[in-house]
Amino acid sequence: IVAWPLRAWDSASPGTRKWQQKRLEHQDFERRLVEMKVSRERRLAETETLQEQQLLMREITALEERLSRCRKALEEIERVIERLTR
C-alpha cells in the first residue's frame with residue numbers, strides 16, 4: 001500500500017502516453033515514406049521513358065515534401081514530450 005503512490009507517480013501520465021503514441025505513429029509514417037521514396041528512386045534509375053521518369057520525379061518530390069512535414073511534426077512531438085517529462 002505504501003508503494004502505490006510511488007508507482008502512480010512513476011508511471012507516464014495519460015497525456016505523456018498519448019504523445020508517445022503519436023511519436024510511434026509518426027516514426028512509422030516516416031519509415032514508410034522513406035521506403036516509398038527509395039522504391040521510386042530505384043524505379044527511376046531503371047526506367048527508360050521520359051514520361052515515366054517525369055511521373056516518378058513528381059512522386060519523389062511529393063514524398064520528400066511529406067517526409068519533411070512528418071519530420072517537422074516529429075520534432076514538435078519530441079518538444080511536447082520533453083516539456084511533459086521535465
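Quick note: the coordinates plus some simple rules give every number you see, no bench work behind them. As the structure is a prediction and not an experimental result, all values here were calculated from the model. Here the Cβ is made from the backbone with ideal geometry for all residues, glycine too, and neighbour counts use every protein chain on show.
Summary of computed values
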read-out	value
Nitroxide proxy distance, nm - points 7 Å out along Cα→Cβ at residue 36 and residue 58	1.5 nm
Kirkwood-Stokes translational diffusion coefficient of the chain, alpha-carbon pairs, 25 °C, 0.890 mPa s, µm²/s	157 µm²/s
Principal axis dimensions, region 42-86 - Cα atoms, whole angstrom, descending	55, 14, 5
Potential extension, residue 24-residue 85 segment - 0.36 nm per residue separation minus Cα distance	20.3 nm
Mean Cα-pair separation over length for the chain, i.e. relative contact order, pairs under 8 Å, 6 or more apart, %	42 percent
Cα-based convex hull volume of region 18-60 per residue, rounded to whole Å³	44 Å³
Formal net charge of residues neighbouring residue 23 (Cβ-Cβ distance under 14 Å; K, R +1; D, E -1)	+1
In region 26-86, GluC sites (Glu not before Pro) in a DSSP loop with at most 11 other beta-carbon atoms within 10 Å	48
Residue-averaged 222 nm ellipticity for the chain, from DSSP H runs of 4+ at -39500 (n - 2.57), nearest 500	-31000 deg cm²/dmol
